[in-house]
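Here the structure is laid out as structure tokens; the discussion comes afterwards.
The values are calculated or read from the model by the stated rules, or taken from the named source; none is laboratory data. What you see is a predicted model; the values in this text were computed from it and never measured. Methodologically, a virtual Cβ is constructed for each residue, glycine included, from the backbone with ideal geometry; neighbour enumeration extends over all protein chains shown.
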Amino acid sequence: MLPRRVRSLHCAAIAALLLAALPAAQTASTPPPVRYAVSFPAPHHHYAEVEATFAGIPARTLEIRMSRSSPGRYALHEFAKNVFDVHAADGAGRPLAIARPDPHGWDVDGHDGTVQFRYKVFGNRVDGTYLAIDASHAHMNMPATLVWARGLEMRPVQIAFVSPEGLSWKAATQLFPTSDPWRFTAPNLQYLMDSPTELSDHAVRTFPVRNPDGRELLIRLAVHHDATEADVDELATSTEQIVREQAAIFGEYPEFETGTYTFIADYLPWGGSDGMEHRNSTIVAQASSLRGNAQGMLGTISHEFFHAWNVERIRPASLEPFDFERANMSGNLWLAEGVTDYYGDLTLARAGLVPGVQMMVNLATSALAVATSPAHRFRSAVEMSHHASFTDAARWNDPTNFSYSFISYYAFGAALALALDLELRQRSQGRTSLDDYMRALWHAHGKPGGSPPGLVMRPYTHEDAQRLLADVSDVAFARDFFDRHVQGRQVPDYARLLEPAGMVVRKRRAGAAWTGVTVDAAGRVTAPQGLVAWGSPAFDAGLSHGDVILTVAGRPYSSDALRRKPRDRVTLDVRRVGGATASLNLEFGEDPQLDAVPIEQAGGRLTAAQKAFREAWLGPRVMVQRAP
């Protein structure tokens, strides 16, 4: 607890900011805004004090909620667990009783049309989802920080921050600024909850960009770091290359409502690692120093900025509007996240930040790993997307079989994006590519305005995505691609698709015997994540993680006994965990893992046509104005 004098000064500062946040005139027909004051009386103890004022409310129970989920996340995170020391008062300051209808809410009755709701909230995790407060900064994801009230979601918001005394903090946020650098506004709850805010002594870099219509926008980097100014300059220069290359894909930048897009970056060894998109900003964090490592931060920056178009504006209907009280499930995350992942990498090559051939190998290798996963047997791209509620930083105690039954929708979608990009280029002799498909989605669903900031007027459905693919290719191809590879579980033919780019797909260990598990010198079987992969020779034989092989073909186990050829068959005697024994029949297979290598490294010759294909795919773009 703070000394009485410090507490009094602290409360007076909050009251002054709340009074200053009141509009000059408030008509009877206009509901008053929701007002917040957020302060940090002891940042080294990792908590904030929040006062939320809900005025002009009907004479009934006010249902106050803490979010259970956060924009950009698809699982539940139960932010109410960190709320404590809760109090409520009416407009005259009289205490009000609080009821708890569930773990995430507080019901307040008996008010006079105003409820002042005060609480503390703990946070000590730096990433795109949670709240982190320490002596160096306050890193706020709003769903983890602010309560809200049912029925008031479309009211405007005014928020005031109180900087701790003696700290040279300033604010970085996509919230709408005012003449006071510590006061901000938001047009509604959706925009507020999608507006992370960093208070710290961060470095700032800006550069202007211009749309084809002549409107100038500002890109801003707010970098909380322990490196040099030269490191920040290098990061800003590379970020500008990424930003301009991605705008060239769509032919324009989004119309950022505040005229500014902000990268909020935390690059500190004691921080966390994450990236999280928001409408006019992003959180990027890495638990390492920026010093001498600016290029190592660019992958997340590239991925998250592409989201300014894809997801924040080209938005699945299943995520619009975002529901803060439940897990938000979508079957389109392969497109929303996976295609973004593909372009996040591809942009680095187009911007000249990663060699094109290296990026080509990286993209192909990742896709081939997806292609050879046994998870294709169980879930399609749509079903992998549905599974995000269980895998997107979700927490559980019981084991799962995700190691062989689930592929991340990021990786799955990126692999499909590669296949679709290469297929479109080959079918059209280079006249059409995935870029054209993304522009079609942008003009049909992302660009149209008219909705309040934070909301999307024309979110897309699965059928919309298929229809627009047909528009840039043809109906039969679009239907076939979605039926086989998006809703179905068929793997694209990557060897055929990569050949025009001068890539050779081959077995990683051709002719080598493979079981799908490793066996140590004592005969103990180990498998990745403790589960033998479905469909592997070891799985089909009945081997399990932790089994000990006693004999091979009737002879005591030795490492040499498993040096075999594909299709060899042996009988194994094993001891299970717990002591039971079993006799199993194992047929060796051949390692299904594939590699992709440039033809010139595989002893072949790169043709002029293959060289041109690579350049058209991986080379830089030029900003152009394109018709819808």
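When each of V339, V357 is tested for being touching a helix residue (DSSP H, G or I) at 6+ places or on another chain (Cβ under 6 Å), not assigned by TED's automatic domain parsing to the domain that holds W534 and not in a loop (DSSP other than H, G, I, E, B), the lone residue that passes is V339. When you scan the stretch 443-460, do you find a residue that is in contact with a Phe, Trp or Tyr (Cβ under 6 Å, 6 or more places away or on another chain) and closer than 30 Å to P374 by Cβ, even just one? No: zero hits. D345 meets the conditions (1) more than 27 Å from S70 (Cα to Cα); (2) in contact (Cβ under 8 Å) with a residue 60 or more places away in the chain; (3) touching a Ser or Thr at 6+ places or on another chain (Cβ under 8 Å) in every case but one. The failed one is (1).
So, of the residues in the stretch 452-482 that are within 24 Å of the chain's Cα centre (by Cα) and hydroxyl-bearing (S, T, Y), which turns out to be surrounded by the most Cβ atoms within 10 Å (Cβ to Cβ)? The extreme case among them is Y460. Of all residues in the stretch 202-226, those being in contact (Cβ under 8 Å) with a residue 60 or more places away in the chain and in contact with a Ser or Thr (Cβ under 6 Å, 6 or more places away or on another chain) number 2.
Listed by position, the strands (runs of 3 or more DSSP E) enclosed by the stretch 238-323 that each have at least 1 residues that are among the polar types (S, T, N, Q) are 260-267, 281-286. Can you tell me which of (1) closer than 14 Å to S281 by Cα; (2) in contact (Cβ under 8 Å) with a residue 60 or more places away in the chain; (3) among the aromatic types (F, W, Y) is the one F250 doesn't meet? In the conditions (1) closer than 14 Å to S281 by Cα; (2) in contact (Cβ under 8 Å) with a residue 60 or more places away in the chain; (3) among the aromatic types (F, W, Y), F250 misses (1) alone. Against the condition touching a Gly at 6+ places or on another chain (Cβ under 8 Å) and assigned to a loop (DSSP other than H, G, I, E, B), how does G110 come out, does it pass? No; evaluated as a whole, the condition is false for this residue.
Name the one entry in S473, S451 that is touching a Ser or Thr at 6+ places or on another chain (Cβ under 8 Å) and of a type outside the set (A, V, I, L, M).
Working: S451 fails: touching a Ser or Thr at 6+ places or on another chain (Cβ under 8 Å).
One residue alone meets the criteria, S473.
Outside the structural domain of H387 (by TED's automatic domain parsing), under 15 Å from W148 (Cα atoms) and within 32 Å of the chain's Cα centre (by Cα): is that true of H87 in this structure? It is false that H87 is outside the structural domain of H387 (by TED's automatic domain parsing), under 15 Å from W148 (Cα atoms) and within 32 Å of the chain's Cα centre (by Cα). Scanning the stretch 212-232 for residues that are acidic (D, E) and either under 14 Å from N293 (Cβ atoms) or buried (at least 18 other Cβ atoms within 10 Å of the Cβ) (or both) yields D226, D231.
G271 meets all of the listed conditions (1) in contact (Cβ under 8 Å) with a residue 60 or more places away in the chain; (2) surrounded by fewer than 16 Cβ atoms within 10 Å (Cβ to Cβ) but one, namely (2). In the stretch 521-544, the residues that are closer than 20 Å to A561 by Cβ form Cβ pairs under 6 Å with partners that are surrounded by fewer than 17 Cβ atoms within 10 Å (Cβ to Cβ) and of a type in the set (V, I, T), at six or more places apart or across chains, as follows: T526/T518.
Among the residues in the stretch 162-180, are any closer than 18 Å to G275 by Cβ, crowded, with 17+ Cβ neighbours inside 10 Å and out of contact with any strand residue (DSSP E or B) (no Cβ under 6 Å at 6 or more places or on another chain)? Walk me through it before giving the result.
First, pick out the residues of the stretch 162-180 that are closer than 18 Å to G275 by Cβ: 172-174.
Checking the rest, the ones that are also crowded, with 17+ Cβ neighbours inside 10 Å come to 172-174.
Restricting the remaining residues to those that are out of contact with any strand residue (DSSP E or B) (no Cβ under 6 Å at 6 or more places or on another chain) gives none.
Within the stretch 162-180, none of the residues are closer than 18 Å to G275 by Cβ, crowded, with 17+ Cβ neighbours inside 10 Å and out of contact with any strand residue (DSSP E or B) (no Cβ under 6 Å at 6 or more places or on another chain).
Scan the stretch 416-433 residue by residue and report those that are farther than 17 Å from N310 by Cα and either surrounded by fewer than 21 Cβ atoms within 10 Å (Cβ to Cβ) or touching a residue at least 60 places away in the same chain (Cβ under 8 Å) (or both).
Looking only at the stretch 416-433, we keep the residues that are farther than 17 Å from N310 by Cα, and these are 419, 422-432.
Within the stretch 416-433, A419, L422, E423, R425, Q426, R427, S428, Q429, G430, R431, T432 qualify.
For the subset of the stretch 584-612 comprising residues that are assigned to a helix (DSSP H, G or I) and touching a Leu at 6+ places or on another chain (Cβ under 9 Å), which member is surrounded by the fewest Cβ atoms within 10 Å (Cβ to Cβ)? Break it down into steps so the answer makes sense when it comes.
Of all residues in the stretch 584-612, those assigned to a helix (DSSP H, G or I) come to 599-601, 608-612.
Cutting the leftovers down to touching a Leu at 6+ places or on another chain (Cβ under 9 Å) gives us 599-600.
Values: I599: 17, E600: 14.
This residue is E600.
Selection of the stretch 316-363 for residues being of a type in the set (A, V, I, L, M, F, W, C), more than 16 Å from the chain's Cα centre (by Cα) and closer than 16 Å to D392 by Cα yields only F324.
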